[in-house]
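Working notes for the structure below.
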Amino acid sequence: MSNNLAIRRMSATPSAFIPLDSLRSNAPEYAKLVDISKCIGCKGCEVACKEWNDLKVEPTANFGSFQSHEDLSSNTWLLMRFNEVEVDGDLLWMIKKDACLHCEDPGCLFACPAPGAIVQYTNGIVDFNQDKCIGCQYCVTGCPFDIPRFDKATKTVFKCNMCIDRVDAGLEPACVKTCPTNAISWGTKDDMLALADQKIETLNRRGYSKASVYNPAGVGGTHMMYVVPHGDRLDDYSLPTDPTASPAPMTGLSFLKRAAVFLFNFSVVGTALHFLRYGQTHVEEHE
Amino acid sequence: MSSESLLGRFTYVERVVHCVVGGSFVALLVTGLAFSYPSLFWLTALAGGGPAARVLHPWIGTVFGVSMVCMLSLWIRDMFLDRDDWRWLGAVKDYATQNHDKVPPAGKYNAGQKVFFWVQGVLAVVFVATGLLLWMPERFESGLLSVARLLHFASTMGGGLLLIVHVYLGTIAYPGTARGMIDGKVTRRWAALHHPRWHQDQSL
C-alpha cells in the first residue's frame, strides 16, 4: 500500500491551489459510496461513528421525526437526515447520510486563513487540524454542504475525518464496517464509480428511471458519493443541485487581494515619487 | 517662534478620539492582513497567536466602531461642502503640485479633507457592519457571509489606501499639520497658507 497520508493540499499555503501532485505517481484515491436505496434507516452508522471517534453522546429529544438529532454538531459528525417527502400520495423517507463529502476541490480548505489547519491527503480525505485552527469559521462559510461545526468551548471547528486512522491502517471507515445492509461501500474512487454504474443499472431495471450518482462537478467530485434513486429530486434529499467550491464572492475576493497588493505598492511608490518631485510645503516659503 | 503665533486647532477630546480611531484601525489592519494573506499570517504573533488574533480582532473593531461614531459626530457639522469647496476640488491638482497661489482659500477643513471624511465614514459603516456578520457567522447564511467577506476586504482596502495618502499629506508633504493632532496647535503661518478662511475667522 502506498503512502496515502501524504499531503496533497494544505490551507493558506501555495499547495491549497497548486496541489502537490507532481511529486507522486498515481496514489489511489478512496471513496465511500452510499446507496440510499439500500438504507433501512437503522442509524447503526451514527453509533459506529460516535464509538470509533469517541465522541460524547448528546442528550436528544423527540422533535417529531425518526431522525436522532436535529442537526450536526462539533461532536456529531454523521447524521441520517430523515426527509419525509410525499410522492404520488405515498410517504417516502429520502434519507441522506449527512457528513463531510471530502470534496476534490474543498471549499473549506480554500477559505481557511490558518496555514495547515485544513489538509487534503493524496487519498482524497480532507481533515481538520484543530491545533492550527484559529476559530474564524471561514471554512463553515466556504463549505457548500454546510458540514463543519464550530465548538464554542474550544473555539475550533470539527467534522467527519473519514476515520483517517482506520484508513491509514488499511481498514474501511467505521460507518462502512457497521452498515448491516451494505448500503455503504468503500474502495478506490474508480471502483466506486464503476459500482455506482452497476447499481444505477439495477435501479433503472427496477423502475427508478431517474436514478443517478451524486458526485458534483462544481467541487471537482467528492470522496463520499451517493446513489440517489430519485435523481431528479436532489432537493428532497437535501443535496444541493449545483454546489461550488469557488462561489462568485470568493473569486472576487481573490481578485481584490491581488489588486490590493498592486494598489498598495502603487500608493507607496506614488507618494515617494510625489515627494521627490514636489517636496515639502514649507509655510515660510509662501509668505 | 513666540507663543502668540499659535492657534488651537483640535481639542483634547478630538485628539484622543482621532488617536483611538487611528490606533485601532492600524491594529485591525495588522490582524486583518494576517487573515487575508497567508504570507502575512506571522503578524498574528503580534496579537499573541492565531486564535488570540481571531478573538481580539472583533473587539478592536468594536473600539474602532465606537470611536469612529464619536469622531463622525464631532466633526460632521464642519464637513458639508460649500460652493468654495467645489472650486477647491477643481483646483486640487494645483494643491497637489504646490501651486498654492492658484488654490481657492479653504475653511477649517479643505474640500479634500471633507471628501476624505465622508468616504472614510461610509467605508467604516460597511467595514463595521460586515465585521459584525463575520464575528458571529453561525447566525447567518453562508452566501451572505461570502459577500460580507468580499465587502469587508474591499472597504478595508479602500480605507487602508486612503490612510497612506492621509498620513503622507499630514506628516511628510505638509509639515506642521500633524502637530494639530498631537498637541492640538498649529502656527498662524501654517493656517494662513492651508486654511486661510479659518485663519481669518480665528483672527477676528
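Only the coordinates and a few stated rules stand behind these numbers; no lab work does. Only a predicted model underlies this, so the values are computations on that prediction, with no experimental measurement involved. With ideal geometry, Cβ positions are generated from the backbone for all residues, glycine too; neighbour counts draw on all protein chains shown.
Between the range A:32-79 and the range B:9-61, how many Å separate their Cα centres?
About 42 Å separates the Cα centre of the range A:32-79 from the one of the range B:9-61.
Looking only at other chains, what is the average number of their beta-carbon atoms within 10 angstrom of each beta-carbon in B:176-187?
Other-chain Cβ atoms within 10 Å of each residue's Cβ, averaged: 1.
How many partner chain Cβ atoms sit within 10 Å of a residue's Cβ in peptide A:145-152, on average, as a whole number?
1
For residue A:51, what charge total do you get from the other residues with a beta carbon under 13 Å from its beta carbon, if Lys and Arg give +1 and Asp and Glu give -1?
+3
Rounded to the nearest 0.05, what FRET efficiency do residue B:200 and residue B:178 give with R0 = 25 Å and r taken as the Cβ-Cβ distance? Could you check?
For R0 = 25 Å, the calculated efficiency reads 0.60.
How many Å³ per residue does the convex hull of the Cα positions in chain A occupy?
With only Cα atoms used, chain A gives 204 Å³ per residue.
What distance in nm separates the two pseudo spin-label positions at residue B:92 and residue A:259, each 7 Å out from Cα along the beta-carbon direction?
1.8
Count, for each residue of B:88-99, the Cβ atoms from other chains sitting within 10 Å of its Cβ, then give me the mean as a whole number.
Mean partner shielding for this stretch: 1.
With the cut-off at 1.5 for a/c, could you classify the range B:35-90 from its C-alpha gyration tensor as rounded, prolate or oblate?
oblate
For chain A, what is the mean residue ellipticity at 222 nm derived from helices alone (per DSSP H run of n ≥ 4: -39500 (n - 2.57); sum divided by total residues; nearest 500 deg cm²/dmol)?
Rounded to the nearest 500, the figure is -8000 deg cm²/dmol.
What's the extension gain from residue A:177 to residue A:232 if we count 0.36 nm per residue and subtract their Cα-Cα distance?
Additional length available on full extension: 16.8 nm.
If r is the Cβ-Cβ distance from residue B:78 to residue B:140 and R0 is 25 Å, what FRET efficiency results, to the nearest 0.05?
E(calc), rounded to 0.05, equals 0.10.
Less than 11 Å Cβ to Cβ from residue A:34, Lys/Arg counted +1 and Asp/Glu -1: what total charge do the surrounding residues give?
Residues close to residue A:34 contribute a combined charge of +3.
So what's the back-of-envelope 222 nm ellipticity for chain B, counting only DSSP H runs of four-plus at -39500 (n - 2.57) apiece and dividing by all residues, rounded to 500?
Roughly -21500 deg cm²/dmol at 222 nm, from the helical runs in chain B.
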